[in-house]
Amino acid sequence: MSDLLEAGAALEKVATGSIWAEGPVWIAADRTVRYSDIPNNRILQFTESSGELSVYQENVEFTNGRTLDLDGSVIQCSHGRRRVERDRDGAVESVVDRWAGARFNSPNDVVVKSDGTIWFTDPSYGIMKPTEGHTGELEYGDHYVFRFDPRDGSVVPAVIDVETPNGLAFSPDESLLYVADSGMSPPSGERDPARPGGHSIHVYDVFDGRLCKNGREFVVVEPGVPDGFRVDEHGNVWTSSHDSVQVFDPAGTQLLRIPVPEKIANLCFGGDDGRTAYVAASTSLYRIRTTVRDAAALLRAR
């Protein structure tokens, strides 16, 4: 057992019934985990106090990843609407839906930096997979990570050299941005041999809070590909893979592997003390007690 887990901690299945569970976020106000069931086009909500699973919303246009904004509202990615949007107690509005006149592909995962800027990945799963959105075109011709600044409305590509950007997260001091590449599992289902693609998490130095430079491979994740992940308060990266949650320290050394019986999409930290890891994996939601908290949640609390 690792000291990253509570003594005696064991993985527990707490909810099931989805086709592809994704994009979990902890909502402290009502002690729930909200997450997507993408092919069923709905959002589910697990209530920690009662152990009940409920349908939060249906016909949601294939939402995927989500996070909390600085004001506590939910920022989520919509494959179907090809945008990043805000959910305030069920009232949904667009945040940003295009760059340089072109619509996004299908925003996948999202983080909010402490300065209020919204950073999100834009692969094309939602316009390539009929079960995850609507068929469409790559209007700007690639897959980027974008930075949106609500203060002036600017949208700029922040990372352009990851084949299929998926999950993303900042280090605790926001000096590093981590981006997952799920290029080994391309949106079209067929790999282009002329493009590298892979199953790595990349890391970038962040300058002036907005410029990403010096991109390099952080870790190779196998089996499968890294999808969503989180960074804890000590800078450790907790990532999804095909068969386990894998934890790497800031130097890229694997510290922990938590086997999960289903293919994993994403995870988040929650619970009253922020030390419960909730794992969205295929049909189910799992949890396990840890000794650490989410770095982004601590920044929001300051």
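Inspection of the range 55-76 finds no residue satisfying the criterion of being aromatic (Phe, Trp, Tyr) and touching a Phe, Trp or Tyr at 6+ places or on another chain (Cβ under 7 Å).
Counting only strands (runs of 3 or more DSSP E) wholly contained in the range 238-302, the ones carrying 3 or more residues that are of a type in the set (A, V, I, L, M) occupy 254-259, 264-270, 276-281.
Scanning the range 172-197 for residues that are among the aliphatic types (A, V, I, L, M) and within 18 Å of residue 216 (Cβ to Cβ) returns 176, 177, 179, 180.
Within the range 184-240, being of a type in the set (D, E, K, R) and either crowded, with 23+ Cβ neighbours inside 10 Å or closer than 22 Å to residue 294 by Cα (or both) holds for 205, 210, 227, 230, 232, 233.
Looking at 94, 154, 106, 73, can you tell me which residue is of a type in the set (S, T, N, Q), touching a residue at least 40 places away in the same chain (Cβ under 8 Å) and either crowded, with 18+ Cβ neighbours inside 10 Å or on the phi < 0 side of the Ramachandran plot (or both)? Selected residue: 106, the only one of 94, 154, 106, 73 that is of a type in the set (S, T, N, Q), touching a residue at least 40 places away in the same chain (Cβ under 8 Å) and either crowded, with 18+ Cβ neighbours inside 10 Å or on the phi < 0 side of the Ramachandran plot (or both).
With the requirement that a residue be assigned to a strand (DSSP E or B) and farther than 24 Å from residue 27 by Cβ, what does the range 84-113 give you? If the condition is that a residue be assigned to a strand (DSSP E or B) and farther than 24 Å from residue 27 by Cβ, then 98, 99, 102, 103 are the ones that fit. The residue that is farthest from residue 278 (Cα to Cα), counting only those in the range 37-54 that are in contact with a strand residue (DSSP E or B) (Cβ under 8 Å, 6 or more places away or on another chain) and part of a loop (DSSP other than H, G, I, E, B), is 41.
Quick note: the coordinates plus some simple rules give every number you see, no bench work behind them. Since we're looking at a predicted model, the values are computed, not measured. In this analysis, Cβ positions are derived from the backbone assuming ideal geometry, glycine residues included, and neighbour counts consider all displayed protein chains.
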